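The values are calculated or read from the model by the stated rules, or taken from the named source; none is laboratory data. These numbers were taken from a predicted model, which means no experiment stands behind them. Methodologically, a virtual Cβ is constructed for each residue, glycine included, from the backbone with ideal geometry; neighbour enumeration extends over all protein chains shown.
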Amino acid sequence: MEIALFGNSYQENYKEELDYLLTSLQRSNDMTLKVERVFARYLRSLGIEVNQSCEFDRNEFSGASLAVSVGGDGTLLGNAARLAAHNTPVVGVNSGHLGYLTACRINEAIEIINLIARGECRREERTMLQLLEIDGKQCENVVALNEIAILRQDTTSMISMPTTINGTMLTTYKGDGLVISTPTGSTAYNMSVGGPIISPLTSCLVLSPISPHSLTMRPIVVNEDSVIEVTINTRAKWIQVSVDGMAMTLPSGTTVKIAQAPYRLTVLQKRDHNFANALREKLLWGADQR
């Protein structure tokens, strides 16, 4: 089994766990390890040995049997598009704070990798979003696992956003912005602006306005095959479109077209993983506050 290892550069407190993970994978006769080059250099800076022949450049990634994402949710999000495009399943290993998308803590990494190698895991196919067009011009590989958000750019001016679904007028959102979310992203930015929590395997998309200037402007759930087109108008010169936190600045009056991406991300979990348990344990959903 060929394993591609990705990670972030904020893991000094987990040096022993990282050393054990790398040593175990490099010594295994059943696994071939590849380590993303920037992460490999970071590991060496911690004194962890990484064979130079294992390195690969993330922009030249061509797929693997399994990707292991070591860090937090942001690390997994940052690599989701390239992994999905190459049909590479990923398991998230948490060395961050929340780790809502991850399957285990870093001290359990070898255990879950061995479970995956034996086929003892749960596969979840996650819907992704794609920014298809900006003002009629096609975008290339601008993909999100969580959400695409339309936001104000350093101004208090309200945004007016005429929005269509599959070419039919939905409404004109007026407020601070609009979050278009996948089911996976329903517990991220969408939840923070009052959108619904949705099981990650549900076939839908969510549109949730940010600080709407109307009491009747509520979040709405639409089919996952919907094509969403939004024209973004404001008195200010610029607006922002954020794709899983990666922001681009665009002029006021821009029209964006958003739809389901042509591929899904395969996320691996333990067989006993349960969506409701994850909500309670990681997000304290429904916790008794008394």
- prompt: In region 138-185, which residue that is out of contact with any strand residue (DSSP E or B) (no Cβ under 6 Å at 6 or more places or on another chain) and small (Gly, Ala, Ser) is farthest from LYS257 (Cα to Cα)?
  reply: SER157
message: Can you name every one of the strands (runs of 3 or more DSSP E) wholly within region 150-232 that holds 3 or more residues which are within 25 Å of the chain's Cα centre (by Cα)?
response: 159-165, 177-181, 204-210, 220-223, 228-231
task: Scan PHE61, PHE56 and give me the residue that is surrounded by fewer than 20 Cβ atoms within 10 Å (Cβ to Cβ), hydrophobic (A, V, I, L, M, F, W, C), closer than 20 Å to ALA84 by Cα and out of contact with any helix residue (DSSP H, G or I) (no Cβ under 6 Å at 6 or more places or on another chain).
output: PHE56
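Considering region 74-87 alone, what residues qualify as being surrounded by fewer than 21 Cβ atoms within 10 Å (Cβ to Cβ) and under 21 Å from CYS104 (Cα atoms)?
First, pick out the residues of region 74-87 that are surrounded by fewer than 21 Cβ atoms within 10 Å (Cβ to Cβ): 74, 78, 82, 85-87.
Of everything in region 74-87, those that are surrounded by fewer than 21 Cβ atoms within 10 Å (Cβ to Cβ) and under 21 Å from CYS104 (Cα atoms) turn out to be GLY74, GLY78.
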task: List every residue pair whose Cβ atoms sit under 6 Å apart, with the two residues 6 or more apart in sequence or on different chains, where the first one lies in region 89-105 and is farther than 18 Å from LEU115 by Cβ and assigned by TED's automatic domain parsing to the domain that holds SER9 and the second, anywhere, is surrounded by fewer than 24 Cβ atoms within 10 Å (Cβ to Cβ) and of a type in the set (Ser, Thr, Tyr).
output: SER95/TYR14
query: Which pairs do you get when a residue that is in contact (Cβ under 8 Å) with a residue 12 or more places away in the chain and in a loop (DSSP other than H, G, I, E, B), found in region 34-63, comes within reach of a residue that is among the basic types (Lys, Arg) and surrounded by 10 or more Cβ atoms within 10 Å (Cβ to Cβ), reach meaning Cβ atoms under 8 angstrom, with the pair 6+ apart or on two chains?
result: LEU46/LYS15; GLY47/LYS15; ILE48/LYS15; VAL50/ARG44; ASP57/ARG37; PHE61/ARG82
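Please verify whether region 129-141 includes one or more residues that are part of a strand (DSSP E or B), basic (Lys, Arg) and without any contact (Cβ under 8 Å) to a residue 24 or more places away in the chain.
Going residue by residue through region 129-141, those that are part of a strand (DSSP E or B) are 129-134, 137-138.
Cutting the leftovers down to basic (Lys, Arg) gives us 137.
Then drop every residue that is not without any contact (Cβ under 8 Å) to a residue 24 or more places away in the chain, which leaves 137.
Yes.
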